[in-house]
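Everything below concerns the one structure shown next.
The values are calculated or read from the model by the stated rules, or taken from the named source; none is laboratory data. As the structure is a computational prediction, the values presented were derived from the model and not from experiment. No Cβ is skipped: glycine too gets one built from the backbone with ideal geometry, and neighbour counts run over all protein chains shown. Only protein heavy atoms, including side chains, enter the accessible area calculation; ligands, DNA and RNA are left aside. Shrake-Rupley method; radii C 1.70, N 1.55, O 1.52, S 1.80 Å.
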Amino acid sequence: APPPLARRRCALLRHNPSSLQHNPDLLSLSIRAASPCADTRALSADEVEDVVSQLKTFFFAGHDTSASVIAWALWLLALHPDACRTLRAEVAATLLPTGW
């Protein structure tokens, strides 16, 4: 069965298609893309599962990319202590006076 949030959002779009214009969130846009018909027909359970699967991939890919960038940045800072000291000084000068 599709997740409750996806079922509720499908029902809302079916009954009030203009809600997409007022609140263009990623789930609504994905549901609309899966159902491009003007009559905003109800999506089947398989279509909703397809949308949910695509969103999971989207979120995982974003997380994986961010984690990789952070890991590489930390690795490179560890390899270059002078750059690390410069970065620490810049962060301290920027954030410490503001109360961070």
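Taking label positions 7 Å along the Cα-Cβ direction at both Ala92 and His63, the computed distance is 3.5 nm, reported to one decimal.
Protein chains only, probe 1.4 Å: how do Val52, Val69, Val91 rank by accessible area, largest first? Numbers along the way, then the final one.
Numbers: Val52 20, Val69 95, Val91 65 Å².
Largest accessible area first, the list is Val69, Val91, Val52.
When all protein chains stay in place and ligands, DNA and RNA are ignored, the 1.4 Å accessible-area order of His63, His80, largest first, is His63, His80.
Using a probe of 1.4 Å on the protein chains alone, the accessible area found for Leu76 is around 90 Å². Surface composition of the stretch 58-99: carbon and sulfur make up 74 percent of the accessible area, probe 1.4 Å. In the complete set of protein chains, residue-level accessible area for Arg85 is approximately 140 Å², probe 1.4 angstrom.
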